[in-house]
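Colleague: Have a look at this one before I ask anything.
Rule-based calculations on the coordinates, nothing more; no lab input. Keep in mind that this is a model prediction, so the values were computed, not measured. Counting neighbours? That spans all protein chains shown, and the Cβs are built from the backbone with ideal geometry, glycine included.
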Amino acid sequence: MQDTGKLKKLVDWMRESTHTVIFTGAGMSTEAGLPDFRSKTGLWKAKDPRKLASIEAMYKNPEEFYEFYRMRLATLGEANPHQGHKILADWEKRRIIQAIITQNVDGLHHRAGSNRVIELHGTLREALCLKCKKVYGSQVLEGGGIPRCECGNMLKPGVILFGEMLPQDALYQADLESRRSHLFIVIGSSLEVSPANYFPLQARDTGAKLVIINMETTIMDEQADLVVRGKAGEVLVKVDDLLKNNL
Ligand code: NAD
């Protein structure tokens, strides 16, 4: 059951806030047909993420590694932003939110029209050479075999793998936005992946209200000022209706 009282409280906070930051995880995109990693039907139920999506796996077991990424790219090719992504893009234009920090690598926020998107974990839409740093479109990962750069080195998907550092600029921007925020809304993240899960706490510790929207419980529910249980897209549609109808 979704508590309308909670949604109204969230809308009041959104109206009062002068700097609202959205933080999204894989659960933001499950309604677009992309499986997440950790919920009941997530991708990781069959395989251990640290073994499959790691820099170690890329070198030690490249066939399985690239097969996994080809499968993810094929799924991504069929996915489109859903209403929730579009509402977030509209909120940016209406200055209701100031930034999106995302752990997602699917590019759906950009495709929905959002501009201020900080991608903490890179993007599935590119591949790069770790040696000469040349960047390619992700189509080089399609087809069979091990994809190689023109310099001969193995190509890596543009996503951050387990065992890799997060991009410095994205970390800096996310830190800035978290500290600036008056309201910080987490949508569809288990909040189990570090260091990304540091930002909601950083926001709260520097004075922001912390809101969590998720279908299941998360490890930070007790630290949040408000927890809304529900599907990302459905909750966003309801919140948008309340905002538009001045309720
Ligand atoms: P996660 O898989 O750890 O957690 C997903 C969370 O979303 C769960 O708590 C689940 O209950 C919730 N959820 C699922 N569907 C939902 C819905 N419709 N509405 C609301 N909540 C929903 O994901 P995470 O926290 O983002 O962290 C794991 C990693 O997943 C990140 O590193 C990210 O790069 C990667 N990832 C990204 C994608 C993507 O880009 N679409 C897909 C899979 C994994």
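Colleague: Would you please classify the overall shape of segment 180-247 from the alpha carbon gyration tensor, given that a ≥ b ≥ c denote the square roots of the eigenvalues, rounded means a/c under 1.5, and beyond that prolate means a/b larger than b/c while oblate covers the rest? Write out the running numbers ahead of the final one.
Modeller: Numbers: a/c = 2.36, a/b = 1.42, b/c = 1.66.
Oblate.
Colleague: Label points 7 Å out from Cα along the Cβ direction at Asp225 and Met71: separation in nm?
Modeller: About 4.1 nm separates the two model spin labels.
Colleague: Would you mind listing how long segment 136-182 runs along its three principal axes, going by Cα atoms, in whole Å with the largest first?
Modeller: 48, 18, 18
Colleague: Something else now. Which of Lys47/Lys238; Lys133/Lys209; Lys8/Lys93; Lys6/Lys93; Lys9/Lys86; Lys86/Lys131 have a Cα-Cα distance over 30 Å?
Modeller: Where the Cα-Cα span goes over 30 Å, the pairs concerned are Lys47/Lys238; Lys133/Lys209; Lys86/Lys131.
Colleague: Calculated FRET efficiency, Glu64 and Asn246, Cβ-Cβ r, R0 41 Å, to nearest 0.05?
Modeller: So the FRET efficiency works out to roughly 0.15.
Colleague: Oh, and also: Going by how many other beta carbons lie within 10 Å of each one, how would you line up Arg95, Arg70, fewest first?
Modeller: The fewest-first ordering by Cβ neighbours comes to Arg95, Arg70.
Colleague: Could you list the GluC sites (Glu not before Pro) in segment 121-191 that lie in coil according to DSSP, counting only those with at most 16 other Cβ atoms within 10 Å of their Cβ?
Modeller: Listed in order of number, the matching sites are Glu142, Glu150, Glu164.
Colleague: Right, another one. Return, for the Cα atoms of segment 98-247, the radius of gyration and Dmax in Å, separated by a comma.
Modeller: When restricted to Cα atoms, segment 98-247 yields Rg and Dmax of 18.0, 60 Å.
Colleague: Sticking with this structure for a sec: At a Förster radius of 22 Å, what calculated FRET efficiency corresponds to the Cβ-Cβ distance of Leu201 and Gln168, to the nearest 0.05?
Modeller: Efficiency, from the Cβ-Cβ distance: 0.60.
Colleague: Next up: With unit charges on the beta carbons (Lys and Arg positive, Asp and Glu negative) and the dipole taken about the Cα centre of the chain, which residue among Ile22, Tyr66, Ala99 sits farthest to the positive side?
Modeller: Toward the positive end, the furthest listed residue is Ala99.
Colleague: Also, quick follow-up: Mind giving me the FRET efficiency for Cys151 and Glu56? R0 is 22 Å, r the Cβ-Cβ distance, nearest 0.05 is fine.
Modeller: Details: r = 22 Å, r/R0 = 1.01.
Rounded to the nearest 0.05, the efficiency is 0.50.
Colleague: Once you charge only the Cβ atoms, +1 for Lys and Arg and -1 for Asp and Glu, what is the size of the charge dipole of segment 106-246 about its Cα centre, to the nearest 20 debye?
Modeller: 400 debye
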